[in-house]
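Since every read-out is calculated from the coordinates, none of them should be taken as a lab result. All figures in this text were calculated on a predicted structure; none of them were measured in a lab. Here the Cβ positions follow ideal geometry from the backbone for every residue, glycine too, while neighbour counts run over all protein chains shown.
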Amino acid sequence: MTHFLVLTACYLMGAIPFGLIVGKMVKGVDIRKFGSGNIGATNVYRTLGAGPALLVFVLDTAKGFLSVVLCKSLALGDWFVVAGGLLAVMGHTFSVFLRFSGGRGVATALGVIIGLTPAIAAVALGLWILVVAISKYISVASILAAISVPILMILWKSMRVPQPYIVLACTAAAAIVLRHIPNMRRLASGTEPRIGQKANPIKEGSDRTDG
């Protein structure tokens with residue numbers, strides 16, 4: 001019973017739509033009606049600016065980190081910790097509070113990796129920052145950073161990352177890449193927005209430009 005309650009708490013924690021909450025509190029807007037319609041920090045940045053976006057990024061990251069910490073505190077094994085982290089990411093991506101819609105899960109996945117392997121999380125975050133600085137595409141940075149995590153876990157021999165953590169990293173990376181398929185299509189067509197472009201209200205029947 002304890003296992004079930006803890007895993008449920010991880011999902012519900014991940015499902016908290018901080019992007020929507022911050023948008024309502026800061027500007028009284030529904031962030032889902034602007035830009036990509038996404039609740040993540042990227043769309044918040046394009047719609048509300050750097051301050052609110054940083055707050056959303058920190059809160060979304062904290063959801064993943066705290067889920068891992070909660071599961072680790074019970075000392076029920078690596079697979080249990082992995083399940084809690086994965087449920088936090090799934091909660092963000094398929095939030096019960098938003099009729100099972102949500103964000104890309106990048107920040108929440110980062111929080112999970114921070115809880116599991118802080119050094120690898122730091123390298124992945126550094127890669128994300130570098131790619132954003134060079135390309136100006138947040139989507140490209142997010143995809144590459146997500147893919148880098150399982151690769152680092154496998155190749156970083158001195159760290160001896162537990163097998164369940166690698167399975168989680170591969171699963172999360174695959175989910176993040178799949179969630180970015182629309183972005184990849186726009187990258188191929190040259191219509192993907194770069195960082196710094198402001199988000200416009202979504203017009204009924206128009207295509208969304210996910211961030």
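Observations, loosely collected:
- Dipole magnitude for the chain: computed about the Cα centre from +1 point charges on Lys and Arg Cβ and -1 point charges on Asp and Glu Cβ, it is near 380 debye.
- Between region 149-174 and region 70-119, the alpha-carbon center distance in angstrom: 15 Å
- Lys/Arg +1, Asp/Glu -1 at C-beta; region 2-189 dipole; positive extreme among 107, 151, 167: 107
- In degrees, nearest ten, helix 138-155 long axis to first principal axis of the chain (Cα): 10 degrees
- With 31 Å as the limit on Cα-Cα distance, the pairs of 24/72; 24/63; 27/136 that go past it are 24/72.
- Considering helices alone, the calculated mean residue ellipticity of the chain at 222 nm is -22000 deg cm²/dmol, with DSSP H runs of length four and up weighted by -39500 (n - 2.57) and normalised per residue.
- 0 to 90° range, to nearest 10: angle between helix 78-93 axis and the chain longest Cα axis: 10 degrees
- Top positive-direction residue, dipole computed over the chain with Cβ charges, set 47, 2, 119: 47
- The packing ranking of peptides 153-165, 27-39, highest mean first, is 27-39, 153-165, where packing means the average number of other beta carbon atoms within 10 angstrom of each residue.
- In region 2-189, taking the dipole from charged Cβ atoms about the Cα centre, the farthest positive-side position among 13, 86, 35 is held by 35.
- For the pair residue 75 and residue 125 in one chain, pulling the backbone fully straight at 0.36 nm per residue adds 15.2 nm over the alpha carbon distance.
- Amide H contacts under 5 Å for residue 29: 24, restricted to partners 5 or more places along the chain or on a different chain, H placed in the peptide plane at 1.01 Å from N.
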